[in-house]
Structure formats: C-alpha cells, structure tokens
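Inspection log for the structure reproduced underneath, given as structure tokens.
Just so you know, all these numbers are worked out from the coordinates, no wet-lab data involved. Model, not experiment: these values are computed from the prediction. Heads up, the Cβs are rebuilt from the backbone with ideal geometry, glycines too, and the neighbour counts pull from every protein chain shown.
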Amino acid sequence: MKRFLSIIMTCVLVYGLIGCGSAKTAGEDPSSDSERTAASSAESRQPGERKSQEASGAEDVGADNSEPEKIGTKALVVYFSTTGNTKSVAEALAKMQDADLYEIVPEQPYTDEDLNYNDSSSRATAEQNDENARPAISGGIDHMDDYDVVYVGFPIWWGDMPRILLTFFDTYDFSGKMIVPFCTSGSSGISQAVSSIGELEPSATVAEGLRASTSNPEEELTKWLTEIGLAK
Ligand SMILES: Cc1cc2nc3c(=O)[nH]c(=O)nc-3n(C[C@H](O)[C@H](O)[C@H](O)COP(=O)(O)O)c2cc1C
C-alpha cells in the first residue's frame with residue numbers, strides 16, 4: 001500500500017512539473033510579442049516617415065526629420081508681360097528647361113492708356129522717366145533660395161527694362177545665383193537691360209541675354225541656351 005501511494009505521489013509530481021513547462025511554451029515569451037508589434041509598426045513606415053504624434057507623444061515644434069529637399073538645383077523662369085509676347089517665350093523656356101514659372105503681376109494692372117508710349121504723360125512713360133519709380137508687385141515667390149538659375153523675361157520699354165523689374169530685383173537676394181535675362185521688343189536689343197541688371201545685382205552672375213522673337217522661340221532659345229551652356 002505504501003509502495004502504491006509513493007507511485008501515485010511520484011506521478012502527481014511529474015505531471016505537475018510537465019504542466020508548468022508546457023504553460024510557458026504555449027504562452028511563449030511575452031516580451032517577444034510586444035517586440036514584434038513594435039517592429040511591424042516600424043516596418044510599415046517608409047524611411048524618413050514620422051511616427052504619428054499620438055504614438056510618439058511628441059509635440060511637433062517644427063523639426064522635420066524627413067529627407068531634406070534638394071536646395072539649389074531648380075531653375076525658375078520669371079516674366080513680366082503686358083500684351084503676351086514675353087509670356088509666350090517664358091512659357092516655352094520653362095517647358096524646355098523643366099523650370100518653375102512665375103509671372104510678375106503688377107498690383108495695379110496696366111491699361112492700354114497706361115502703355116501709350118506716344119503719350120508723354122502716360123503711366124508707363126512717367127514711371128520710366130522716374131528713376132525712383134518702383135511699381136508694386138502683387139504676390140511673391142516663397143522659396144527663392146531653392147533656385148540657383150533664374151531666367152528673367154520682360155518687354156523693352158524705352159531701350160531698358162520696365163521699372164517694375166527694379167521692384168522685383170529689389171525684393172530678392174540674388175547673391176550667388178545666375179540671372180539669365182531675355183526680352184521681347186519692337187526692335188531694340190537687350191544689352192542696356194543686361195548692364196542695368198549687372199549694376200543692380202553685383203553678387204550674381206548675369207548671363208548673356210536674348211532678345212527673342214515670338215514667332216519661333218524654341219529654335220532661338222535652343223541656340224541661345226547652347227551658347228550660354230544651359231541647354232538641357
Ligand atoms: C511703354 C512701352 C515702351 C516701349 N519701348 C520700346 C522700345 O524702346 N524699343 C522697342 O523695340 N520696343 C518698345 N516697346 C515695344 C515692346 O517692347 C514690345 O511690344 C514687347 O514685345 C511687348 O512685350 P509684352 O507683350 O510681353 O508686354 C515698347 C512698348 C511699350 C508699351
């Protein structure tokens with residue numbers, strides 16, 4: 001009887017030990033479960049993607065850990081145009097150079113009367129005769145720092161660029177940038193405007209300008225861009 005009881009006790013003891021062991025196996029390591037959850041949520045983010053604010057508990061104070069945008073590799077085509085001639089050249093140029101496009105829009109639009117160069121008291125004539133005139137521009141360029149080549153197009157007014165271009169050059173810092181002027185006109189060339197820009201922006205490189213004809217801008221733009229080393 002004693003022997004029978006000791007066999008029963010031994011069985012109970014062995015069963016108990018096996019039971020404890022199998023409970024640990026079934027539950028596996030609880031810490032490995034949470035590790036896997038964390039790993040899978042990290043895997044589902046793209047490189048550089050931020051965790052949500054709720055998940056990180058962090059307050060966004062403006063720090064951006066995502067991949068920085070490339071600075072200084074983009075080109076911008078800026079233009080001023082009252083009757084559309086310079087605009088069409090600017091659009092063709094922006095397309096060819098894969099550049100952003102920005103129109104200088106006067107806060108006070110020019111009417112036909114304003115543009116009458118036969119009238120010595122018209123707005124355009126008065127502005128051009130006043131070297132301090134700086135007609136206001138509506139809106140602006142948010143990220144000028146992004147651009148290292150800035151094409152600037154305008155009509156020729158009395159042999160030079162319209163005064164609103166001076167407002168534009170006064171507004172931004174062109175240090176270290178390349179300014180590439182182009183124009184349209186009845187017949188006048190761009191050389192006076194190019195030297196005016198050089199005087200205004202001594203810290204920039206001013207490229208050889210182009211007086212474009214609007215009839216076939218692509219061909220002359222390609223020739224010019226090749227000559228100044230900016231052809232794509
Ligand atoms: C006020 C004014 C002055 C101008 N002065 C000249 C000039 O000195 N020489 C010239 O060849 N064309 C002159 N033009 C003609 C313009 O340069 C030409 O029409 C130009 O292509 C207009 O461009 P847009 O349509 O982009 O404004 C003048 C035009 C205006 C309105």
Q | Around Thr226: net Lys/Arg minus Asp/Glu count, Cβ-Cβ under 15 Å | A | -3
Q. Label points 7 Å out from Cα along the Cβ direction at Glu208 and Ser88: separation in nm?
A. 2.6
Q. When Lys and Arg each count +1 and Asp and Glu each count -1, what net charge do the other residues less than 13 Å away from Ala133, Cβ to Cβ, add up to?
A. -3
Q) Computed FRET efficiency, Cβ-Cβ of Glu199 and Asp145, R0 22 Å: what is it to the nearest 0.05? A) 0.40
Q. What number comes out for the charge environment of Ala204, summing +1 per Lys or Arg and -1 per Asp or Glu over other residues with Cβ under 12 Å away?
A. -3
**Q.** Fewest-first ranking of Phe169, Phe154, Phe174, using other Cβ atoms within 10 Å as the exposure measure
**A.** Phe169, Phe174, Phe154
Q) In the stretch 137-219, what percentage of the DSSP-assigned beta bridges are antiparallel, given to the nearest 5? A) 10
